[in-house]
1. How many of the residues in the range 46-95 are assigned by TED's automatic domain parsing to the domain that holds L118 and either at pLDDT 90 or above or farther than 26 Å from K36 by Cα (or both)?
2. Every residue in the range 96-106 that is exposed (fewer than 13 other Cβ atoms within 10 Å of the Cβ) and at pLDDT below 85, please.
3. Looking only at residues that are polar (S, T, N, Q) and away from the ligand (no atom under 16 Å from the Cβ) in the range 40-66, which one is farthest from the chain's Cα centre (by Cα)?
4. Consider only pairs whose beta carbons are under 7 Å apart and that are at least six residues apart or on different chains; among these, list those whose first residue lies in the range 49-77 and is within 21 Å of A123 (Cβ to Cβ) and whose second residue is within 16 Å of the ligand (Cβ to nearest atom) and not aliphatic (A, V, I, L, M).
5. Looking only at residues that are loosely packed, with under 14 Cβ neighbours inside 10 Å and at pLDDT 85 or above in the range 111-130, which one is farthest from the chain's Cα centre (by Cα)?
6. Checking I86 against (1) loosely packed, with under 13 Cβ neighbours inside 10 Å; (2) over 24 Å from E20 (Cα atoms), only one condition comes out false. Which one?
7. In the range 89-120, what residues are among the hydroxyl-bearing types (S, T, Y) and over 27 Å from S74 (Cα atoms)?
8. Scanning the range 22-39 for residues that are assigned to a loop (DSSP other than H, G, I, E, B) and within 10 Å of the ligand (Cβ to nearest atom), which turns out nearest to the chain's Cα centre (by Cα)?
Amino acid sequence: MLSLKEIVNPTNVKKMTEAEIEIEMKKLWKCTRCHKIIEIEEDMCWDCDTKKPEKIEYPSREETIKYLKKTGSSVPFWLGVSFLVIAGYVLFKGHLRRGIETFDLIFTGLFLVPAVILIIYSAFRKIRGM
Ligand SMILES: [Zn+2]
């Protein structure tokens, strides 16, 4: 499970030491057929259904860094999307019940603001490849 710290501040790949990258590397395996990077808990390639080999081939240092950058940036994005869904739901419920009131607007804003911030932040990270 992800801790709150990891959600708010996902893996900063640039600040990782060689040893830390090595540890992350051992949590992954590389598909022998399509060369996709897969989490060690998975017994099969999600792309081509090739079974995890007896002798695991770990990704290279560069591949590990690339993989971490990719996965690290998707968490704030989905968190933002969830907030957006909650905000929409609150507004919709309020509308059905008795029309939208100040309370609904405040509550919606409470989720909408971090949602927008998270989505913009993750888009920014993706563009800059952080
Ligand atoms: Zn594969």
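1. So the answer is 17.
2. R97, R98, G99, E101, F103
3. This residue is S60.
4. That search, which allows pairs on different chains as well, returns Y67/P59.
5. V113
6. Only one criterion is unmet by I86, namely (1).
7. We begin by selecting, within the range 89-120, every residue among the hydroxyl-bearing types (S, T, Y); these are 89, 102, 108.
Residue satisfying the conditions is T102 alone.
8. Looking at the filtered set, the residue picked out is K36.
The values are calculated or read from the model by the stated rules, or taken from the named source; none is laboratory data. Everything quoted here is computed from the prediction, not taken from an experiment. All Cβ positions, even for glycine, are placed from backbone atoms using ideal geometry, and neighbour counts span all protein chains on display.
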